[in-house]
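Worksheet: one structure, shown below.
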Amino acid sequence: MPESLEALWPALEEPDTMVYAGGTDVLVRLRSGSGQPQQLICLERLRELQGIEDHGDRVLIKAGTSHARILDDPIIQTRLPVLARAVKSLGSPPIRNMGTIGGNICSASPAGDTLPPLYVLQAEVALRSRTADRRLPIGDFIKGPGQTAIRPDEILTGIWIPKNPEFNRQHYEKVGQRKALAISIVSLAALIELTPAGMIEDIRLAWGSVGPTVVTAPEVEAVLRGRPLRLEVLKEAAEATRRAVSPIDDIRATADYRREVAGNLLYRLSLRVETSPEILPR
Amino acid sequence: MKIRLSFRLNGNPIELETDAERRVVDLLREDFGFTGTKEACGSGECGACTILVEGESRLACLMRVGQLEGRSVLTIEGLSDGKHLHPVQQAFVEAGAVQCGFCTPGLILGTIDLLRRNPRPDREEIREGLSGNLCRCTGFQKIVDAVEKVVSSPAEGSDPCPVG
Ligand SMILES: Cc1cc2nc3c(=O)[nH]c(=O)nc-3n(C[C@H](O)[C@H](O)[C@H](O)COP(=O)(O)OP(=O)(O)OC[C@H]3O[C@@H](n4cnc5c(N)ncnc54)[C@H](O)[C@@H]3O)c2cc1C
Ligand code: FES
Ligand code: FES
């Protein structure tokens with residue numbers, strides 16, 4: 001268990017190694033018998049991977065920060081409520097004490113709860129190897145289910161999230177089989193700039209669990225932009241959504257059900273956003 | 001691979017050498033005989049293996065022994081002083097929130113973590129706070145009643161949220 005990046009690099013160069021942070025994905029996967037790596041390196045003690053920093057127009061969440069710490073953080077609560085709501089719906093209290101945002105991103109599950117918010121917020125992942133640093137937009141980092149652009153000599157150090165002051169409403173909703181510990185069947189993250197008259201000046205949407213990775217759909221956003229946030233308009237957008245997503249059947253739900261829900265989640269924007277008194281501070 | 005470990009377990013300093021690949025739940029049960037830490041699902045879904053590490057609830061079935069190094073661990077065996085039950089244990093008894101008792105250690109430790117974060121949870125918050133712990137036989141009504149009991153009449157004297 002290295003305690004600094006300096007100590008991590010030599011261990012990472014050993015053959016057949018794998019890193020883990022909270023272990024809530026890795027240790028479950030290993031138990032289900034999918035091959036033991038020679039060496040498991042725990043990132044939990046790396047000082048460089050802990051904490052949340054306010055950098056003015058952006059927030060940096062270090063990769064090893066637990067979901068529980070993210071939920072407790074005042075910057076996240078006030079400036080990034082779309083992420084706070086997603087994290088609140090992730091797993092259970094002990095899972096949120098153990099699991100990290102870096103682990104959620106690197107697992108690259110189509111159902112990963114932090115991913116749709118990170119897509120609409122246009123977050124960037126920060127990667128580091130012994131010799132170099134690089135940054136990638138979240139959408140370029142996630143390649144497919146369980147697949148990312150990370151190289152074996154790299155780790156994820158954190159995620160840079162713009163505060164997006166041009167959007168005054170944020171929303172996250174997840175539909176699962178039950179309230180707690182339910183992996184999402186469909187989820188929706190939305191950023192909206194709503195005028196005082198109720199017009200959608202601008203909007204960004206991202207769905208989880210309805211494709212191999214998070215689904216964004218510019219054509220759906222185009223249907224909504226410049227129009228009032230009303231049920232008729234959302235119905236039209238829901239139709240466009242059902243055409244845009246490509247869900248699969250699995251043990252949790254059928255593709256048709258997911259397609260239906262992906263559209264229906266939009267209707268609730270009218271309820272949740274129009275009636276919600278909160279307008280984010282700029 | 002063997003590793004040397006030192007940590008605190010229920011207030012006592014521990015030093016030992018063991019296999020790095022072992023899980024915390026096995027170490028506690030096999031080496032210390034602390035069978036209050038139950039294993040049911042082994043995959044994070046039921047909360048039967050809940051322990052407190054530095055006062056935070058964690059799942060012993062998803063931890064490797066190395067993660068204990070330098071930390072303070074509390075299991076259900078360390079909760080009472082041997083003479084008096086901890087107020088949360090007492091409330092579970094009084095509310096009839098225990099049937100077979102399999103889930104109980106995890107639920108009690110989960111409750112202590114919940115009360116650390118939120119000393120006055122309402123019923124909805126209690127349900128949310130214990131959502132990682134499954135009970136197959138008592139039913140959650142009485143468990144929520146028990147936690148409500150602790151909230152409404154906090155006991156004097158004992159530490160409501162011991163770290164271990
Ligand atoms: C019972 C249960 C319920 C769950 N419910 C949900 C849920 O509702 N929603 C949800 O989204 N997820 C859920 N999960 C999945 C999991 O808890 C989350 O994905 C969590 O965020 C993973 O974080 P971790 O630190 O535990 O990851 P780990 O298991 O430690 O790692 C996951 C992956 O990321 C890699 N990794 C971790 N950190 C880094 C890093 N810094 N650099 C490079 N690679 C890294 C590991 O190599 C591994 O491939 C659940 C899991 C369990 C067991
Ligand atoms: S045995 Fe650990 S959570 Fe079920
Ligand atoms: S009391 Fe039997 S499982 Fe809860």
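The values are calculated or read from the model by the stated rules, or taken from the named source; none is laboratory data. Everything quoted here is computed from the prediction, not taken from an experiment. Neighbour counts are summed over all protein chains in view; Cβ atoms, including those assigned to glycine, are modelled from backbone coordinates with ideal geometry.
Does at least one position in the stretch B:128-138 carry a residue that is of a type in the set (Val, Ile, Thr), at pLDDT 95 or above, surrounded by 14 or more Cβ atoms within 10 Å (Cβ to Cβ) and within 15 Å of ligand 3 (Cβ to nearest atom)? No, the stretch B:128-138 contains no residue that is of a type in the set (Val, Ile, Thr), at pLDDT 95 or above, surrounded by 14 or more Cβ atoms within 10 Å (Cβ to Cβ) and within 15 Å of ligand 3 (Cβ to nearest atom).
Conditions (1) over 18 Å from B:THR35 (Cβ atoms); (2) away from ligand 2 (no atom under 16 Å from the Cβ), marked per residue:
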position	(1), (2)
B:ARG64	yes, no
B:VAL73	no, no
B:ILE76	no, no
B:PRO87	yes, yes
B:GLY96	yes, yes
B:PRO121	yes, yes
B:ASN133	no, no
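Tell me yes or no: at least one residue of the stretch B:98-105 is within 14 Å of chain A (Cβ to nearest Cβ) and closer than 17 Å to B:CYS137 by Cα. Within the stretch B:98-105, one or more residues are within 14 Å of chain A (Cβ to nearest Cβ) and closer than 17 Å to B:CYS137 by Cα. What are the residues in the stretch B:31-51 that are polar (S, T, N, Q), assigned to a loop (DSSP other than H, G, I, E, B) and within 11 Å of chain A (Cβ to nearest Cβ), if any? Once the filter is applied, which keeps residues that are polar (S, T, N, Q), assigned to a loop (DSSP other than H, G, I, E, B) and within 11 Å of chain A (Cβ to nearest Cβ), the stretch B:31-51 yields only B:SER43.
Just to be sure I understand, how many residues within the stretch B:124-142 are within 14 Å of chain A (Cβ to nearest Cβ) and closer than 25 Å to B:GLY42 by Cα? Residues flagged as within 14 Å of chain A (Cβ to nearest Cβ) and closer than 25 Å to B:GLY42 by Cα within the stretch B:124-142 amount to 11. The residue that is farthest from A:ARG252 (Cα to Cα), among those in the stretch A:98-128 that are in contact with a strand residue (DSSP E or B) (Cβ under 8 Å, 6 or more places away or on another chain) and of a type in the set (S, T, N, Q), is A:GLN122. B:LYS83 falls short on exactly one of the conditions (1) basic (Lys, Arg); (2) surrounded by fewer than 17 Cβ atoms within 10 Å (Cβ to Cβ); (3) within 14 Å of chain A (Cβ to nearest Cβ), and that condition is (3). Among the residues of the stretch B:74-93, those that are polar (S, T, N, Q) and more than 16 Å from ligand 3 (Cβ to nearest atom) comprise B:THR75, B:SER80, B:GLN90.
Apart from one condition, A:GLY33 fits all of (1) in a helix (DSSP H, G or I); (2) without any contact (Cβ under 8 Å) to a residue 60 or more places away in the chain; the exception is (1).
Inspection of the stretch A:75-82 identifies no residue that is among the charged types (D, E, K, R), surrounded by fewer than 24 Cβ atoms within 10 Å (Cβ to Cβ) and within 22 Å of A:ILE185 (Cβ to Cβ). Only a single criterion out of (1) in contact with a helix residue (DSSP H, G or I) (Cβ under 9 Å, 6 or more places away or on another chain); (2) part of a strand (DSSP E or B) is not satisfied by A:LEU118, namely (2).
Can A:ASP140 be described as away from ligand 2 (no atom under 16 Å from the Cβ), part of a helix (DSSP H, G or I) and acidic (Asp, Glu)? The answer is yes for A:ASP140. For the stretch A:1-40, taking the residues that are surrounded by fewer than 20 Cβ atoms within 10 Å (Cβ to Cβ) and of a type in the set (Val, Ile, Thr), the one that is nearest to the other protein chains (Cβ to nearest Cβ) is identified as A:VAL28. Taking the listed residues B:GLY70, B:GLY55, the one that is under 14 Å from the mean Cα position of the chain (by Cα), away from ligand 3 (no atom under 16 Å from the Cβ), surrounded by fewer than 17 Cβ atoms within 10 Å (Cβ to Cβ) and within 14 Å of another protein chain (Cβ to nearest Cβ) is B:GLY55, with no other qualifying. Residues in the stretch B:45-55 that are over 16 Å from A:MET1 (Cβ atoms) and touching a residue at least 60 places away in the same chain (Cβ under 8 Å): 7 in all. Quick one: which residue in B:GLY106, B:GLY82, B:GLY139 is within 19 Å of B:GLU54 (Cα to Cα) and of a type in the set (Gly, Ala, Ser)? Checking each option against the conditions leaves just B:GLY106.
Looking across the stretch B:90-127 at every residue that is surrounded by fewer than 21 Cβ atoms within 10 Å (Cβ to Cβ) and of a type in the set (S, T, N, Q), the one that is farthest from ligand 1 (Cβ to nearest atom) is identified as B:GLN90.
Does the stretch A:99-109 include one or more residues that are buried (at least 24 other Cβ atoms within 10 Å of the Cβ) and within 16 Å of ligand 2 (Cβ to nearest atom)? Within the stretch A:99-109 (the criterion being buried (at least 24 other Cβ atoms within 10 Å of the Cβ) and within 16 Å of ligand 2 (Cβ to nearest atom)), the answer is yes, since at least one residue qualifies. Annotation note: of B:GLY47, B:GLY42, the sole residue that is of a type outside the set (D, E, K, R), within 16 Å of ligand 1 (Cβ to nearest atom) and surrounded by fewer than 21 Cβ atoms within 10 Å (Cβ to Cβ) is B:GLY42. Looking at B:GLY96, B:GLY11, B:GLY106, just one residue is within 16 Å of ligand 3 (Cβ to nearest atom) and touching a residue at least 60 places away in the same chain (Cβ under 8 Å), and that residue is B:GLY106.
Of all residue pairs spaced 6 or more apart or on separate chains, those with beta-carbon atoms under 7 Å, a first member in the stretch A:96-118 that is within 14 Å of chain B (Cβ to nearest Cβ) and more than 6 Å from ligand 1 (Cβ to nearest atom) and a second member that is among the acidic types (Asp, Glu) and outside any helix (DSSP H, G or I) are A:ASN97/B:GLU56. Scanning the stretch A:41-56 for residues that are in a loop (DSSP other than H, G, I, E, B) and within 22 Å of the chain's Cα centre (by Cα), we see that the one that is farthest from the other protein chains (Cβ to nearest Cβ) is A:GLY56.
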